[in-house]
Amino acid sequence: MKYVDEYRDGTLAKQIARSIATAVEPGRRYHFMEFCGGHTHAISRYGIEDLLPDNVRMIHGPGCPVCVLPVGRMDDAIRLAQNPGVTLCTYGDLMRVPGSDGASLLKAKAAGADIRMVYSTLDALKIAEAEPAREVVFFAIGFETTTPPTAVAIEIAAKKDLTNFTVFCNHVLTPAAIRAIMESPEAKRGEVLLDGFVGPAHVSTVIGTAPYRFCAEQYRKPVVVAGFEPLDVMQAILMLVRQVNQGRAEIENQYIRAVTPTGNEKAQALVARLFEVRPSFEWRGLGEVPHGALKLRDGYARFDAENRFGIVTQKAEDNPACECGAILRGVKRPADCKLFGTVCTPETPMGSCMVSSEGSCAAHWTYGRFRQHATARAARDQVLA
Amino acid sequence: MCLAIPARVTELLPDAMAKVSLDGVTKTISVALLDAVAPGDYVVLHVGYALARIDAAEAERTLALLAEAGLAPGAAA
Ligand code: SF4
């Protein structure tokens, strides 16, 4: 596929790995967080960590919308779906996410709830138009990438005067979460070693690179916005290593083929017209994130499921053995969880990080678990020799 | 779910929709979030929407930078 295959070239990946190995300073340790689950997935799938020198460590960040959705909101969605008048439309990833007491949309559906998996917000709109007697609710989750598609659907619904279409809005914001990581108690105590971020290119196709400036200015952390193919990620790591070596903290753009400093202004304007920032929103793992999510503006309250169904989210606790929270904050790894790979697998996820293929635990299970660390390292050393 | 992939626009349709080709597979998507999309353009496709245009010249430049990054140590600093 054009614009994909050429960024997966194995020989070039090994050459860039060699350049990274040469660029790192021997006495220094480098800790980079890939914010986005898409990068976590790519890093696991292509074994990128095995190509990196021992003093470069990747930390998996909280950028997986399924993983950071708090249990209470999942409970809200399940309850909504159990309302006999409601048809809940959802992206497929949410079906297995555990709510309280082991409940899930999958189980609710099996018990008779009208839950339909959709690929696009437009599919949900079509259902609302075709079935005017049903209250069609779109379970909206995702980062800045996924918000504009929700906004388009609401705009069309407004134009068509659809009265049976609402959105349960759980859209969250990337820069606010990065700020929350930098402001976390662990970070303040110096327990999160972090020298820079790999920023998600797809978010930046919409918001541009400018919203990350605070990272460099206020926290002195470089950000390199990167694509999701293995060579993109490798190049971003090399760019970060160079920034650290040179004492720079700048916002750089690796994904110049589709990301600009200002992003997609048409999409931004649409989102700004329909949504406003919530003062605070709970993220699984990060807790309450100030300004961390969006809600519909009052002018669009008739499309807001929270408004129509009087949803008041109750705080609900994660499975106490699940370490998703610490993993999402970059202080633990999947293998540190005692449920990993025993009780908790993608088939029977105990925590949200095991559900989405972008979750740290799922990525580690799918691509990392059976790889012998020692043999992988040996292979790398051969490559780099 | 955050997956986004490059797709080639093959035909514009009414209501800000378009047909795209994904390695020969045809899909109908929304181009409501982009201005002036034309057949032949490559776009970043996410949950049924084109989010951005892929700039062919910048894509070439990235490949050149990648080749440079993989060159002898110390190069392309
Ligand atoms: S392995 Fe399962 S229970 Fe453990 S942290 Fe990951 S998702 Fe949570």
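The values are calculated or read from the model by the stated rules, or taken from the named source; none is laboratory data. Keep in mind the model is a prediction, meaning the values are calculated, not measured. So basically every Cβ, Gly included, is an ideal-geometry build from the backbone, and we count neighbours across all protein chains shown. Just the protein is used for accessible areas: all its heavy atoms, side chains included, with ligands, DNA and RNA removed. Shrake-Rupley method; radii C 1.70, N 1.55, O 1.52, S 1.80 Å.
Number of residues in region A:209-226 that are touching a strand residue (DSSP E or B) at 6+ places or on another chain (Cβ under 9 Å) and not in a helix (DSSP H, G or I) equals 7. Being of a type outside the set (Lys, Arg) and part of a helix (DSSP H, G or I) is not true of A:HIS31. Restricting region B:9-41 to residues that are within 8 Å of chain A (Cβ to nearest Cβ) and modelled with pLDDT under 95, the residue that is surrounded by the most Cβ atoms within 10 Å (Cβ to Cβ) is B:LEU22. Of all the criteria given as (1) touching a helix residue (DSSP H, G or I) at 6+ places or on another chain (Cβ under 6 Å); (2) open to solvent by less than 30 Å² (accessible area, probe 1.4 Å); (3) modelled with pLDDT of 90 or more, the one not satisfied by A:TYR300 is (2). When A:HIS202 is tested against (1) under 18 Å from A:ARG278 (Cβ atoms); (2) within 14 Å of chain B (Cβ to nearest Cβ); (3) modelled with pLDDT under 95, only condition (1) is not met.
Condition check for A:VAL68 on (1) within 17 Å of A:ARG284 (Cβ to Cβ); (2) more than 14 Å from chain B (Cβ to nearest Cβ): one failure, at (2). Do you know which of the residues in region A:343-353 that are near the ligand (Cβ under 9 Å from one of its atoms) and free of Cβ contacts under 8 Å to residues at least 24 places away in the same chain is most open to solvent (accessible area, probe 1.4 Å)? Ranking the qualifying residues of region A:343-353, first place goes to A:VAL343. Examine region A:16-31 for a residue that is within 30 Å of A:ASP101 (Cα to Cα) and open to solvent by less than 10 Å² (accessible area, probe 1.4 Å), and state whether such a residue exists. No. Between A:GLU288, A:GLU282, A:GLU317, the distinction of being modelled with pLDDT under 90, of a type outside the set (Val, Ile, Thr), closer than 22 Å to A:PHE168 by Cα and more than 9 Å from the ligand (Cβ to nearest atom) belongs to A:GLU317 only. Condition test on A:ASP336, is it away from chain B (no Cβ under 14 Å), within 15 Å of the ligand (Cβ to nearest atom), at pLDDT 90 or above and open to solvent by 60 Å² or more (accessible area, probe 1.4 Å)? Judged against the criteria, A:ASP336 is a match. Among the residues of region A:332-352, those identified as in contact with a strand residue (DSSP E or B) (Cβ under 9 Å, 6 or more places away or on another chain) and under 22 Å from A:ALA177 (Cβ atoms) are A:ARG333, A:PRO334, A:CYS337, A:GLY351. Of the listed requirements (1) within 14 Å of another protein chain (Cβ to nearest Cβ); (2) within 16 Å of the ligand (Cβ to nearest atom), A:GLU323 misses just one: (1). Only one entry in A:THR166, A:THR150 is assigned to a strand (DSSP E or B) and surrounded by 24 or more Cβ atoms within 10 Å (Cβ to Cβ), namely A:THR166. Considered as a group, the residues in region A:245-293 that are more than 20 Å from the chain's Cα centre (by Cα) and open to solvent by less than 20 Å² (accessible area, probe 1.4 Å) include one that is farthest from the other protein chains (Cβ to nearest Cβ), and that residue is A:ALA249.
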